[in-house]
Each structure stands twice: as structure tokens, then as C-alpha cells.
């Protein structure tokens, strides 16, 4: 038989046990440093893996393989630094920014920006050559002159506008290289010219192509209608929360949108790693990229990764 006194004793014991458990759970957890949290050790990575990394960087960034003297120097520097992230970043930065004379390339920087320019033309303009663009420029100049001589003021204005857009397209490589424009302006120029219009004839194809080329998707009905109003009718409309009134305004909105920045991140992942970024990767790089529009910094994050360097399989 359980007496009242026995019940009280048992209750007090249960309360005491509960307080002990609660006290234990409130103790500050000890942080245990495990070997998995240590920086990766790249000792023992075969030289051929390092050579493959250097070769891949030269091809992706400059469009050519390294000379023997370049290969030997860069592999030695990487191995001497233990393949650290800093040594990889230094190499990538060198290939992107060095202005030292290099026979055949003028400089690494010049070759890098030429490579970026060609890459954007491949994405947006079906890889059209500069010779073809020069042909469009010549035709537009002749049309502008003919319209001016005939007294066709409206025609001359339209021809001159087309000419200026083509010249801005052609000059985007050197202006991007010299820091006069950012990558968003380069992308806009790739789509605001007669070459792009001829590839994607009529407003319907233009809108679908511009979304697909930059955002990797087609517009929704609402997005299409807003774009159509701007491009076809020069009417004011709202797209991605921004107002535009013509084709230039539409492309400003598209190229500077959050999704437009993510599109360039996705393009870089596809170009360098042959895959789409994960949700986390896309969010992380796009957030930083929207803040500084620094294409090189964004690309370096990918190009210095263990995955790109082929070092992932060498880590246990």
C-alpha cells in the first residue's frame, strides 16, 4: 500500500532527478576540433594532376595550352605552395589581369578579355566573327550616308542608331577590358544590335531568345506581355518590378535583374564545370555578384575550387 508519505518521498525524488537532467542539458557544449575540420592536405597529389589543372586554366581563360616554360613555372609554383587556395588564386588572377608582354597574346589580360568576348558572342550571337560584324557596320554606315544625302532625316536617324549599336558591340571587348563598362553592359550590347535581331527575327522571337540566352528559361505570359509592350510599341511597362519603355529599357531591366546575374553565374558553372550550380552555390555567388558586378571574382571562386582543379578525388 502506497502511503501519503511514500508518495511525497517519490515525488521529491522525481523532482530532484528532473532538476539534475535540466542542469546537465544547460551546460555549455564543448567544441571538439576534429581532423575533418582541418585544412585539406594536398601532399602526394600527382604532378600530372597539377599539370592538367594548369593546362585547363590556360585553355579556359586564354584559349590556348601553356608553353612548356609556362607549364613548368606554374606547376613548380603551385607545388611549392602545397597547392594552397592562395597559390591557385594567384595563378588565376595572373591569367586574368597580367599586362606583361606575352608573345602571341600581347598579354594574359588581353587574351582573357578576348576569350570572354568570344564566349559571349557564342552564347548570344551564335559565335559570329568580327569580320561579319564589320560587314554589318559597313552596311549601316552606307545606309546612314545614303539617307543623309537623300534628305531622309528619319531614315538617317535610324541608320545612325543601328550603326552606333553595332560599334558599341564591337567596342565592348576593349571597353570591358579597360574597365569602362561592366559585364551587364556587355550582355546588353550582345542583344541590342542588328546581328541579334537578324538571328531572332520579330519581337516574339527576340523576347523568347533574350530570356533563354540570359535567364535559361522562357518568359511567363505576364513577362512576355510587358516585354512586348516595351519592345514592339515603345510603351511603358513593368518587368521584374522595374519600369521600361523601349527595347533598350527592356534589356537594361533584363541584364541588371537578380535573375540576370544568376544567369551569368549559371553560365560560368556550365562553361567551367559542365554542370548547373546547386541552390546554395547559385545563391552564394549571385548575392555577391549582384553587389559588385565583378565577373572575375565570381569566376575565381569556381576556378580555384578543388572540383575544377581535379583535386576532389585526391582527398579522403
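Against the main long axis of the alpha-carbon atoms of the chain, helix 108-124 sits at an angle near 80°. The C-alpha atoms of the chain define a longest principal axis, and helix 153-177 lies at about 40 degrees to it. Working note: Debye formula, equal point scatterers on the alpha-carbon atoms of the stretch 47-97, no solvent; log10 I(q)/I(0) at q = 0.17, 0.24, 0.26 Å⁻¹ is -0.43, -0.88, -1.04. The relative contact order of the stretch 162-316 comes to 16 percent, based on Cα pairs under 8 Å that sit 6 or more residues apart.
At a Förster distance of 45 Å, what's the computed FRET efficiency of residue 297 paired with residue 150, Cβ-Cβ distance as r, to 0.05? Efficiency, rounded to the nearest 0.05: 0.30.
Relative protection proxy for 41-51, 255-265, from highest mean packing down: 255-265, 41-51 (other beta-carbon atoms within 10 angstrom).
Note on the stretch 165-316: Rg/Rh from C-alpha atoms, Kirkwood Rh, equals 1.02. When you restrict to C-alpha pairs under 8 Å that are six or more residues apart and normalise by the size of the stretch 260-307, the relative contact order lands at 39 percent. The mean sequence distance of close C-alpha pairs (under 8 Å, at least 6 residues apart), as a share of the length of the chain, puts its relative contact order at 14 percent. Between the beta carbons of residue 204 and residue 129, assuming R0 = 25 Å, the FRET efficiency works out to 0.35 to the nearest 0.05. Peptides 188-199, 52-63 ranked from most to least packed, by the mean per-residue count of other Cβ atoms within 10 Å: 188-199, 52-63.
Sorting 119-127, 176-184 by average packing, meaning the other beta carbons within 10 Å per residue, from highest down gives 119-127, 176-184.
For the stretch 81-143 versus the stretch 226-272, the spacing of their alpha-carbon centroids is 25 Å. For residue 93 and residue 167, the FRET efficiency from 1/(1 + (r/R0)^6), where r spans their Cβ atoms and R0 equals 30 Å, is about 0.45.
Between the labelled values (i) 20.2, 65; (ii) 29.0, 119; (iii) 19.2, 58, the entry that holds Rg and Dmax of the Cα atoms in Å as derived from this structure is (ii).
None of the figures in this text is laboratory data; all of them are computed from the coordinates on show. This one's a predicted model, so the numbers in the text were calculated from it and none came from an experiment. Quick reminder, even Gly has a Cβ in these numbers, built from the backbone with ideal geometry, and neighbours come from all protein chains shown.
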